[in-house]
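Student: This is the structure I want to talk about, given as C-alpha cells.
The values are calculated or read from the model by the stated rules, or taken from the named source; none is laboratory data. All of these numbers come straight from a predicted model, not from anything done at the bench. Cβ coordinates were reconstructed from backbone atoms using ideal geometry, including for glycine residues, and neighbour counts include every protein chain displayed.
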Amino acid sequence: MVDFWKNKKVLVTGDTGFKGSWLTCLLLNQKSKVHGISLKPDSTNILYNSLVTDTDFKKFFDENLYTHENIDIRQKDELKESILDFNPEFIFHLAAQPLVRESYVNPKSTWDTNVMGTINLLEILRLMKKCSVIIVTTDKVYENHTWPYSYRENDELGGYDPYSSSKASVELAVKSWRKSFFKDNIKISTVRAGNVIGGGDWSADRIVPDTIKALINKTSLKLRYPDAVRPWQHVLDPLLGYLKLAEKQINVQKSFEYNFGPNSMDVVSVQKLVNMISSYWGEELTIEKLEHQSVESTYLTLSIEKALKELNWYPRWDLKKTIFYTVKWYQNVHNGNSPYKCILENIRSFNSR
C-alpha cells in the first residue's frame, strides 16, 4: 500500500480539520503529493497549526510534497481553479461543518457548506478526465429508529437535525451526479464512519476533547447524553478504509457506499467511554449531567460487513487500544512532545499492530 501511494497526486479538502490532518500525515508519510484546501485555519485548528510549525513536518513544504490553499468550498470559481490546476489523481472530500449542535445554531450555513460545497466539487469533477473520489459523510445519514440494529448501507437515509439531514442530502447528490454525468473515468464513493477519536481533536462539543480538557484542568465534566451509545473507533481505522477504497475502485467498483466502524463489542455508552479515558489517564472525574439542549439519538451502530467482504478491511484497534493510544497522545503532547511525532508514533504502532 505504501508503494502504491508514493508520488500519487492527492487532493484533501478539509485538510486543516482533525481527520483531514491525520489523513494528510498518513499520505505524506507514504510520500504522496498532497494539496490541501480548507477555510483559513483559526484557533480551532489546533492540531493543524501545531503541525505546520513543526520542523519535521515543514520539510514536506520544502520538498514540494505538500501545498495548501485557503479556499471556501462554497466559492466555486476559486475551488475550480485550484483543483484543475493541481489535477489530482485522487480526491478525499472531508471539508464540512461537522457538528450537530452548531447545525442548530447555523442551519443554513451548515447546508450551504455540506451540500452546495459538495455539489461545487461534483460539478468540477465533470471537467476532469480521470479521478478516484471519496466523499466523506457520517454514520448519522441513516433514518435512526433507535433500535438495537446496525445500519447497513442500503438502509433508509434520513436525519432530523440540520447536520444529519445535510449529510444525507450529500449522499443523494453524489448518487444523482454519478448516475447522470460520470462514466468509468470518474470513480466516486461515499463513506460513512462512526465516532472517530484520537489525539489532536480539540473541537467544541465533542466528548473526548471535553474529557481531556477536564482532566488537564482538573474540572468537572458536563455530559448531555451519558447513556447514548456510539460506535467509537480510532481515526486511523476509517482513514485506512478510505485509502483502500480509493485504490480498489480504480479497477473494481463493486459498491458506491461503505460503512466503516468498530466491532460490535466496542460499541459503548458515552459514560463508559469517559470512565475508560479517565482510568487510562490516571485521574478520577466529577461528572455533571446536563439538561438536554438538543435532540440526539440514544443508540447508533453500523454494520461493517460490506467493507469486510469487499475491501478486506477490518478495524485494527479495539476500544482499549484506541483509548490507550489516544490518551497517550494527549499526555505526551501535554508534557511538551511534538504533536507530529506523536502522530507518527501512532501510525507506526498501528501499522505494526
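Student: Just give me the residues in region 213-228 being within 20 Å of Trp329 (Cα to Cα) and loosely packed, with under 12 Cβ neighbours inside 10 Å, in sequence order.
Tutor: Hits for region 213-228 are Asn217, Lys218.
Student: Restrict the check to region 286-303 and report whether at least one residue is assigned to a helix (DSSP H, G or I), surrounded by fewer than 21 Cβ atoms within 10 Å (Cβ to Cβ) and either touching a helix residue (DSSP H, G or I) at 6+ places or on another chain (Cβ under 8 Å) or without any contact (Cβ under 8 Å) to a residue 40 or more places away in the chain (or both).
Tutor: Looking for residues that are assigned to a helix (DSSP H, G or I), surrounded by fewer than 21 Cβ atoms within 10 Å (Cβ to Cβ) and either touching a helix residue (DSSP H, G or I) at 6+ places or on another chain (Cβ under 8 Å) or without any contact (Cβ under 8 Å) to a residue 40 or more places away in the chain (or both), one finds none in region 286-303, hence no.
Student: Suppose we filter region 235-245 for residues that are within 21 Å of Glu102 (Cβ to Cβ) and either assigned to a helix (DSSP H, G or I) or of a type in the set (Lys, Arg) (or both); how many remain?
Tutor: 0
Student: Would you be able to tell me the number of residues in region 130-151 that are modelled with pLDDT under 95, out of contact with any Phe, Trp or Tyr (no Cβ under 9 Å at 6 or more places or on another chain) and among the basic types (Lys, Arg)?
Tutor: 0
Student: I'd like to check which helices (runs of 4 or more DSSP H) are fully inside region 57-132 and have at least 1 residues that are more than 14 Å from Lys167 (Cβ to Cβ) and among the β-branched types (Val, Ile, Thr).
Tutor: By residue number, 76-86, 100-105, 117-125.
Student: Scan region 53-71 and report the pairs whose first residue is surrounded by 18 or more Cβ atoms within 10 Å (Cβ to Cβ) and whose second residue is of a type in the set (Ser, Thr, Tyr), with Cβ atoms within less than 8 Å and a gap of 6+ or a chain change.
Tutor: Note: pairs meeting the criteria are Phe57/Tyr340; Phe60/Tyr66; Tyr66/Thr24; His68/Thr16; His68/Ser38; Ile71/Ser38; Ile71/Ser82.
Student: For the subset of region 174-197 comprising residues that are of a type in the set (Gly, Ala, Ser) and within 18 Å of Asn259 (Cα to Cα), which member is modelled with the highest pLDDT?
Tutor: Filtering first and then ranking leaves Ser189.
Student: When you go through Lys320, Lys309, Lys248, Lys341 one by one, which is the residue that is touching a residue at least 12 places away in the same chain (Cβ under 8 Å), of a type in the set (Lys, Arg) and farther than 28 Å from Ser50 by Cα?
Tutor: Lys248
Student: Let me ask you something else. Tell me the residue from Trp317, Trp313, Trp281 that is crowded, with 16+ Cβ neighbours inside 10 Å and either touching a Cys at 6+ places or on another chain (Cβ under 7 Å) or closer than 21 Å to Tyr151 by Cβ (or both), please. Quick ask: steps written out before the conclusion?
Tutor: Details: Trp317 fails: either touching a Cys at 6+ places or on another chain (Cβ under 7 Å) or closer than 21 Å to Tyr151 by Cβ (or both); Trp281 fails: either touching a Cys at 6+ places or on another chain (Cβ under 7 Å) or closer than 21 Å to Tyr151 by Cβ (or both).
After ruling out the rest, the residue left standing is Trp313.
Student: Can you tell me which residues in region 152-188 are surrounded by fewer than 22 Cβ atoms within 10 Å (Cβ to Cβ), of a type in the set (Ser, Thr, Tyr) and closer than 23 Å to Tyr142 by Cβ?
Tutor: Residues satisfying the conditions are Tyr160, Ser165, Ser169, Ser176.
Student: Which of the residues that make up region 54-83 are more than 21 Å from Thr24 (Cβ to Cβ) and in contact with a helix residue (DSSP H, G or I) (Cβ under 7 Å, 6 or more places away or on another chain)?
Tutor: Arg74, Lys76, Lys80
Student: How many residues are under 20 Å from Gly14 (Cβ atoms), out of contact with any Asp or Glu (no Cβ under 8 Å at 6 or more places or on another chain) and in a loop (DSSP other than H, G, I, E, B) if we restrict to region 205-234?
Tutor: Number of matching residues: 1.
Student: I've got another one for you. When you scan region 207-220, do you find a residue that is in contact (Cβ under 8 Å) with a residue 24 or more places away in the chain and under 15 Å from the mean Cα position of the chain (by Cα), even just one?
Tutor: Yes; the residues of region 207-220 include at least one that is in contact (Cβ under 8 Å) with a residue 24 or more places away in the chain and under 15 Å from the mean Cα position of the chain (by Cα).
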